[in-house]
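What follows is one structure encoded as structure tokens, with my remarks underneath.
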Amino acid sequence: DGGITQSPKYLFRKEGQNVTLSCEQNLNHDAMYWYRQDPGQGLRLIYYSQIVNDFQKGDIAEGYSVSREKKESFPLTVTSAQKNPTAFYLCASRREPTDYGYTFGSGTRLTVV
Amino acid sequence: EDQVTQSPEALRLQEGESSSLNCSYTVSGLRGLFWYRQDPGKGPEFLFTLYSAGEEKEKERLKATLTKKESFLHITAPKPEDSATYLCAVQATGNTGKLIFGQGTTLQVKP
């Protein structure tokens, strides 16, 4: 079955450490997105990529980095510069044109210890 | 500034008690309005896309409607399995596919 796979499901980060969240899709979608979800807040866009080897900053890109070397993969690195990284991270992809909006992964919960 | 506001933040219903969730939006030009369902600890699941005022879509006990300023998600005779957080999002015209999300409405249906 086609879908988006995020790993790991849970991730713990020590202070000053960089961590990378994986996102892989086999839907042949061109566009991919990273969102952050905090309790009581809507999803906020971190980075997005519409084609391979190209990506743009979203609304809250500071302290994060991404790469898009393959169509199927869009990993997100949470750097030590991100001062409040504890959150639920969601990866999504989209085929254009489409009536279905985004397809989301199951998320990664990142906690600072 | 494009903005989405959902109300209420939380809603508790008895099984069979119908109600509506509201999504008010401000956007420069609407390309589409999306409703998603999210269960705890999981990614959002697509429900509906609405494109123009007056449009309606239905799926089982859910019906979504759209006006020029807001959308409603009507839940008819809900069951406990309808308990979840419902997210509304808009995509503006000329946008790059970015969705702007509301903060969600958490629905609890008691048997």
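The values are calculated or read from the model by the stated rules, or taken from the named source; none is laboratory data. None of the values given here were measured: they were computed from a predicted structure. So basically every Cβ, Gly included, is an ideal-geometry build from the backbone, and we count neighbours across all protein chains shown.
Quick look at the numbers
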| item | result |
| --- | --- |
| Subset of the range B:24-41 [part of a loop (DSSP other than H, G, I, E, B) and at pLDDT 95 or above] | B:ASP39 |
| Lone unmet requirement of (1) under 15 Å from the mean Cα position of the chain (by Cα); (2) within 11 Å of chain B (Cβ to nearest Cβ); (3) at positive phi; (4) not aromatic (Phe, Trp, Tyr) for A:GLY101 | (1) |
| Qualifying residue in the range A:69-88 (condition: closer than 18 Å to B:PHE34 by Cβ and within 13 Å of the chain's Cα centre (by Cα)) | no |
| Near pairs, Cβ below 9 angstrom, 6+ apart or cross-chain, from the range A:21-36 (within 13 Å of A:PHE88 (Cα to Cα)) to any residue that is in a strand (DSSP E or B) and basic (Lys, Arg) | A:TYR35/A:ARG44; A:ARG36/A:ARG44 |
| Tally of residues being more than 10 Å from chain A (Cβ to nearest Cβ) and farther than 22 Å from A:PRO39 by Cβ across the range B:26-56 | 12 |
| Residue match in the range A:45-66 (condition: within 8 Å of another protein chain (Cβ to nearest Cβ) and under 19 Å from B:PRO44 (Cα atoms)) | yes |
| Strands (runs of 3 or more DSSP E) within the range A:41-100 that include 1 or more residues of a type outside the set (Val, Ile, Thr), surrounded by fewer than 20 Cβ atoms within 10 Å (Cβ to Cβ) and touching a residue at least 12 places away in the same chain (Cβ under 8 Å) | A:44-51, A:54-57, A:64-66, A:87-94 |
| Of the criteria (1) closer than 24 Å to B:GLN91 by Cβ; (2) surrounded by 13 or more Cβ atoms within 10 Å (Cβ to Cβ); (3) among the charged types (D, E, K, R), which one A:ARG13 fails | (1) |
